[in-house]
Amino acid sequence: MNRYPLWKYILILVVISIGIVYALPNLYGKDPAIQISPLRAGQVDELTRLQVDAALDEAGIKAMASELGINTLIVRFDNEEIQLRAQSVVKDSLGKGYVVALNLAAATPDWLRVLGAEPMFLGLDLRGGVHFLMEVDMPAAVKKSEERYVSDIRSLLRENKIRYKTISRLSGGGLLIRFRDAQQRIDGIDLIDSNYSDLQLKELDDVPGEFQVSAKLIETAVLESQRFALQQNITTLRKRVNELGVAEPVIQQQGLKRIVVQLPGVQDTARAKEILGATATLEFRMVDEINSVRDALDGRVPAGSRIYWDRQGQPVLLKKQIMLTGDYIIDASSGIDPSSGGADVSITLDGKGAKIFSRKTRDEVGKRMAVIFIENKTETVEKDGEMVKIKETTEEVINMAVIQEQLGKRFHITGLDSTQEARNLALLLRAGALAAPIEIIEERTVGPSLGQDNIDKGFQSVLIGFVLVLVFMLFYYKVFGIAANVALTLNLVLVVAMLSLLQATLTLPGIAGIVLTVGMAVDANVLIFQRIREEIKNGNSPQASIHAGYEKAFSTIVDANITTLIAALILFSFGTGPVKGFAVTLSLGIISSLFTSIMVTRAIINAIYGGRKLQKLVI
């Protein structure tokens, strides 16, 4: 009686072994490091590593190790003082084409990395950094959509020779279209309705002699424009956060119109706000193919042209006349050009932009056109002992291609080197500017010392609770208490392992969830042990009492844990950041405690007492 089959012992050992392996990386800590990543469409490769190594050797700085990842390079150092010196040296060596950011790199041994074992991330409240809560101006997003419709409808009516007086946007929302006569209004309604299903049209006869129509976006179109504005702003912010080189930023939607931006490891709030508030746009200009670039570099720049520089640092002579700006781009996506099989980017313009571009490219077929990325940034630097703000404008040619035909609302940019470059370009075109204004409605800074203090106190709370429970269980339940303590220890190991395996972010509320798990993890064992006591008091034999204790307490344990798990899942579904962190650790703790408190303790008790004739059971 009370014996486990061999496969159950093997299963328990396998689960525990996996748990220990994936929990181990959290014991090794992190090394001070610098993280090097390219700006925009640049590349970090073996050549970059050689350049960094040479710069560090020349400065007399010794690196512990360097790791080349997917378009990123991490260089580790012994301490933070060397890390800061190395950052300055590498920045000067690589120039402005790269982001050189301070980072903490996990010191996980290679044999654990091969198994995919990595430490869990630490949240803002444990590592320190800055937190922003931003609100998107949704009325402005809808207004922008309506303004595009004004331009599009105007072009549509003119092309179909339908006479109208004015098309304007109403201050309260919606459009007002004034036609010349009743027949023109009927024809106009039919035409607009067939081309723009997102608009709800209504005839207005309030003013005598006027033939007016109101057009309003339907509810789904309003929601879609707001969703698009929110997602494009998130994309833009994510691109700008890359400028900071933050290793594990959190940029996520909160509710229907808010964005949370958390930058662990960043303490300079002003710098973060400068980057997030930077403005970017695009310009399309024709390449000057008549005049010589060499002459322009020698000082003989033609009157109607100007020198620009591409991503490789090569000079390009472009005409000053702007063909189009990126303000008219409403969408961009990467793909494959069916004619050449190479990468391309598909661009969609609004109605006004399409008309301008069509007119200006009509006579430029067969000639080259350049796409220029323009970014305006404000940077705070120290000058003569004072911190001053310097505005910097970066202008870079990101693409040059031949115009194959007269361009309109939709066109393709070809001549790209790779699909990766096409994806990068599409991202730049989409994320060049914010789709709607955003306002920072909440900001706070968590210092690294406070983060470390949170870690220390959180660890102390777990340790104190853990030790008190161990002492109580050992004193009150003797040998059974030892089994419960082993299960409790393994429970903590499994929770940490699951957090690491899922690459979850541990926050201060998450530590609270672990503390609560420590208390709850012994509940099941208390129920089982008390049930065994009752069975012994009722006169049952020790072996029968152990069997009955586990069998009869099982349903109660499962019911109690499932109700708590449901509550945790609801918290995760409807809660935000800190609440979700608590819910995650609580849920994982419940799952692991069910395994350890029922299977593991039963395995230990079976190994000690199973198959033996017992006259007395001390519990």
Test Leu112 against the criterion of being closer than 30 Å to Leu494 by Cβ and outside any strand (DSSP E or B), and give yes or no. yes
I'm checking my understanding of the structure. Among residues of segment 216-232 that are of a type in the set (D, E, K, R) and over 26 Å from the mean Cα position of the chain (by Cα), which one is nearest to Lys143 (Cα to Cα)? Lys216
Among the residues of segment 470-496, write down those that are surrounded by 15 or more Cβ atoms within 10 Å (Cβ to Cβ), β-branched (Val, Ile, Thr) and over 28 Å from Gln543 (Cβ atoms). Val493, Val495, Val496
Does Leu47 meet the test of being hydrophobic (A, V, I, L, M, F, W, C) and more than 30 Å from Leu115 (Cβ to Cβ)? yes
Can you find, within segment 571-585, the residue that is modelled with the lowest pLDDT among those that are among the small types (Gly, Ala, Ser) and part of a helix (DSSP H, G or I)? Gly577
Would it be correct to say that Ala221 is in a strand (DSSP E or B), at pLDDT 85 or above and closer than 30 Å to Asp327 by Cα? no
Is there any pair with a first residue in segment 74-88 that is closer than 14 Å to Asp53 by Cα and a second that is crowded, with 19+ Cβ neighbours inside 10 Å and among the acidic types (Asp, Glu) whose Cβ atoms are under 6 Å apart and which are 6 or more apart or on different chains, and what are they? Arg76/Asp31
So, Ser17, is that one among the hydroxyl-bearing types (Ser, Thr, Tyr) and assigned by TED's automatic domain parsing to the domain that holds Leu588 or not? yes
Out of Ala140, Ala101, report the one residue that is out of contact with any Asp or Glu (no Cβ under 9 Å at 6 or more places or on another chain) and not in a strand (DSSP E or B). Ala140
Of all residues in segment 203-219, count the ones that are closer than 20 Å to Arg180 by Cα and surrounded by fewer than 17 Cβ atoms within 10 Å (Cβ to Cβ). 9
Selection from segment 565-585 of residues among the small types (Gly, Ala, Ser) and over 18 Å from Asp125 (Cβ atoms) yields Ala567, Ala568, Ser573
Tally, over segment 304-347, of residues that are of a type in the set (Ser, Thr, Tyr) and surrounded by fewer than 18 Cβ atoms within 10 Å (Cβ to Cβ): 5
Give Leu499, Leu429, Leu450, Leu434 a once-over and let me know the one that is out of contact with any Asp or Glu (no Cβ under 7 Å at 6 or more places or on another chain) and modelled with pLDDT of 75 or more. Leu499
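The rows are residues; the columns are (1) within 30 Å of Arg423 (Cα to Cα); (2) assigned by TED's automatic domain parsing to the domain that holds Ala101.
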position: Ile12; (1), (2): no, no
position: Ile34; (1), (2): yes, yes
position: Ser37; (1), (2): yes, yes
position: Leu50; (1), (2): yes, yes
position: Ile61; (1), (2): no, yes
position: Phe77; (1), (2): no, yes
Members of segment 290-333 found to be assigned to a strand (DSSP E or B), modelled with pLDDT of 80 or more and in contact with a helix residue (DSSP H, G or I) (Cβ under 8 Å, 6 or more places away or on another chain), listed by number: Ser305, Ile307, Pro315, Val316, Leu317, Met323, Leu324
Would a scan of segment 547-559 turn up a residue that is surrounded by fewer than 17 Cβ atoms within 10 Å (Cβ to Cβ), of a type in the set (Lys, Arg) and over 25 Å from Leu474 (Cβ atoms)? no
Cβ-Cβ distance below 7 Å, separation of 6 or more or different chains: which pairs start in segment 457-476 with a residue that is aliphatic (A, V, I, L, M) and end on one that is not in a helix (DSSP H, G or I)? Val469/Val522; Met473/Val522
Residues within segment 80-116 that are in contact with a strand residue (DSSP E or B) (Cβ under 6 Å, 6 or more places away or on another chain) and closer than 16 Å to Lys30 by Cα, tallied: 8
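Here's the yes/no breakdown for (1) of a type in the set (A, V, I, L, M, F, W, C); (2) out of contact with any Lys or Arg (no Cβ under 9 Å at 6 or more places or on another chain):
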| residue | (1), (2) |
| --- | --- |
| Leu297 | yes, yes |
| Ser305 | no, no |
| Arg311 | no, no |
| Lys320 | no, no |
| Asp331 | no, no |
| Gly335 | no, yes |
| Ser339 | no, yes |
| Arg359 | no, yes |
| Arg362 | no, yes |
Exclusive hit being among the small types (Gly, Ala, Ser), modelled with pLDDT of 65 or more and surrounded by 15 or more Cβ atoms within 10 Å (Cβ to Cβ), set Gly255, Gly265: Gly265
Within segment 69-81, how many residues are surrounded by fewer than 17 Cβ atoms within 10 Å (Cβ to Cβ) and either modelled with pLDDT of 85 or more or among the aromatic types (Phe, Trp, Tyr) (or both)? 1
Yes or no: segment 22-41 includes at least one residue that is in a helix (DSSP H, G or I), surrounded by 13 or more Cβ atoms within 10 Å (Cβ to Cβ) and of a type in the set (A, V, I, L, M). yes
Segment 166-202, residues that are over 23 Å from Lys144 (Cβ atoms) and loosely packed, with under 13 Cβ neighbours inside 10 Å: Asp181, Ala182, Gln183, Asp190, Ser194
Out of the residues in segment 115-132 that are of a type in the set (A, V, I, L, M, F, W, C) and assigned to a loop (DSSP other than H, G, I, E, B), state the one that is modelled with the lowest pLDDT. Met120
Considering only segment 348-368, state which residues are of a type in the set (Lys, Arg) and surrounded by 16 or more Cβ atoms within 10 Å (Cβ to Cβ). Lys352, Lys355, Lys360, Arg368
crowded, with 20+ Cβ neighbours inside 10 Å and either part of a helix (DSSP H, G or I) or not assigned by TED's automatic domain parsing to the domain that holds Gly458 (or both), is that true of Val526? no
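The values are calculated or read from the model by the stated rules, or taken from the named source; none is laboratory data. Note that the coordinates shown come from a computational prediction; the quantities given were computed from them, not determined experimentally. Here the Cβ is made from the backbone with ideal geometry for all residues, glycine too, and neighbour counts use every protein chain on show.
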